[in-house]
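Some notes on the structure that comes next.
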Amino acid sequence: MNQKNFNNNITGTQKEDTPESTMQQGRDCFLSYRFEIMEDDNIYSVSFNGKLTDEETRKMLESIQNCLYEKIPDAIQMYLYQNNLAYSGFVSTKKPLEHSKVMELAGSLLYPGSNSSLDSYFGNADTCYVIADHQKWISENCCQGCYFAVKIAHPIDKGLYQYHIIGQTFNYDETTGDESGYFAIRTNRDDGYLDNIVISDSEPVLPSSGCIDMLGILLNIDSIQTMEQIEKTAVK
């Protein structure tokens, strides 16, 4: 099915919600969803309003786990359409990624005492999923980058967002072979401040080159508590 026909079919057949169907599905209101995928050169963003249960959201993430990053927006929309899930206002965008900004965001997510601006960055959605898989040669012999997976949820009965964050910043010197990295697993307390579950400030926990399963990390982000778990989940 070409993209034009696919979009027309979605417009013509998108499931309409009713109070009865909402009650049957166990969902009582539309929530806003946001997905961001940051790779070496681009940011792919998706937003929509929907009524996905936790299980439906997990199945959707599983369905895109092996997608190329640039294919994820179309794959999310296709999943919603094929599974007849109620949604509206689907928007996907692609824009250039700035190395300095993604590294600044990685620092805000991972470093202690740096979470003051996160709600303003992610605060436009009830549920937000973000992954970054980024590196850049900042000089002829030096590569710098970051990995992170973030799940943010705004429970209906609480005022605070709930954060789950796993990520790493790293530097690699090709001349000497030296690598350095800062790795953290973080979640927030009831007062909103982010706690460090695990910190490693030496050699990278995740390799600075090779295939890292960022979507696999995102799928398991609620249960990963140790470096051993992250290494088992992340390395393909």
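Where a number appears in this text, it was derived from the coordinates with a stated rule and is not lab data. Worth saying up front: this structure is predicted, and the values here are computed from it rather than measured. Neighbour counts run over all protein chains shown; Cβ positions are idealised from the backbone, glycine included.
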FRET E, pair SER200, ASN84, Förster distance 45 Å, beta-carbon r, rounded to 0.05: 0.55
Report the calculated FRET efficiency for CYS29 and ASN141 (r = Cβ-Cβ distance, R0 = 35 Å), to the nearest 0.05. 0.05
